[in-house]
Amino acid sequence: MKDHPATPLTGYAPITDAESVKRAGAFHQVMTGRRTVREFSDRPVERAVVEKAILTAASAPSGANHQPWFFCVIESPEARARIRQAAEAEEREFYATKAPQEWLDALAPLGTDPDKGFLEVAPVLIAVFGQKRGGPRPGDAKKNYYVPESVGIATGFLIAALHHAGLATLTHTPAPMSFLAEICGRPDGEKPFLLLVAGHPAADATVPVAALDKKPLDAVAAWI
């Protein structure tokens with residue numbers, strides 16, 4: 001006997017093992033086509049696509065179901081320019097003084113640098129925040145649990161949803177990211193988690209060959 005209110009489970013209609021394998025393979029094929037993109041088209045994205053992707057992200061599991069995330073979609077050209085200026089300032093310092101040589105050597109095959117022009121070209125910028133306090137209902141101010149883990153899972157959902165909708169994405173994490181909270185007008189109890197750039201890839205977009213090198217199954221999983 002459950003000692004809390006419950007409702008019947010839905011969304012799991014019985015399927016055959018063969019259909020399950022087929023679905024897993026189809027999703028794998030879709031997601032392994034995902035690439036981190038740094039060259040975007042300025043072609044607009046339908047707002048409904050972004051809204052559905054965010055709602056998908058917001059359906060992710062979270063500590064105590066407190067849903068400790070907030071997604072700020074940045075459309076203003078002025079805000080985008082400020083974000084680029086602040087991000088590039090942090091990146092220039094990172095490449096010049098902060099990053100150890102080992103880290104710079106690891107990044108070299110990917111061709112990254114302090115230039116973040118995509119922040120003003122791509123049509124969708126989503127600043128993802130984690131909330132220290134909140135809860136499942138508006139106005140809640142409870143302590144949130146497993147915030148980085150929960151927000152990380154939700155962000156994964158968001159990336160998958162946008163990719164499934166045919167959009168390319170880039171996760172951008174300048175450090176520190178406090179400027180995002182200021183520009184987005186978010187309260188002190190929220191901490192920037194990352195900035196997600198999304199849109200259609202440019203017609204001449206390329207991908208570093210090094211980015212195609214993915215570990216095989218036996219290097220990332222074990223059955224015991």
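Since every read-out is calculated from the coordinates, none of them should be taken as a lab result. Keep in mind the model is a prediction, meaning the values are calculated, not measured. Using ideal geometry, Cβ is built from the backbone for each residue, glycine included, and neighbour counts are taken over all protein chains shown.
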Which residues in region 132-169 place their backbone N less than 14 Å from a point set 7 Å from the Cα of V49 along the Cα-to-Cβ direction?
159-169
For the chain, the helices passing both cut-offs (Cα extent along own axis of 20 Å or more, Kyte-Doolittle mean at least 1.0, full DSSP H runs) are 147-164
Go through 134-145, 14-25 and give me the packing order, highest mean Cβ count within 10 Å leading.
134-145, 14-25
D17-R137 FRET efficiency (beta carbon distance; Förster radius 30 Å; 0.05 resolution)
0.15
Name the shape class, rounded, prolate or oblate, that the alpha-carbon gyration tensor gives for region 25-80, where a ≥ b ≥ c are the square roots of its eigenvalues, rounded holds for a/c under 1.5, and otherwise prolate holds if a/b is larger than b/c and oblate otherwise.
oblate
Under 15 Å from a label point 7 Å along Cα→Cβ of E182: give me every residue in region 68-102 with its amide N that close.
79-91
Shape call for region 119-224 from the C-alpha gyration tensor, a ≥ b ≥ c root eigenvalues: rounded (a/c under 1.5), prolate (a/b greater than b/c) or oblate?
oblate
Pairs on different chains or at least eight residues apart, Cα atoms closer than 16 Å: how many lysine pairs in the chain fit?
4
Taking region 68-186, the whole-percent share of alpha-carbon pairs separated by over 19 angstrom is 57 percent
Please work out the Cα center distance from region 1-80 to region 137-153, rounded to the nearest Å.
17 Å
Ratio of Rg to Rh over the chain (Cα coordinates, Kirkwood Rh, two decimals):
0.99
Please list 38-47, 74-83 highest first by mean number of surrounding beta-carbon atoms within 10 Å per residue.
38-47, 74-83
Measure off 7 Å from each Cα along the Cα-to-Cβ vector at A222 and E149, then give the distance between these two points in nanometres to one decimal.
2.1 nm
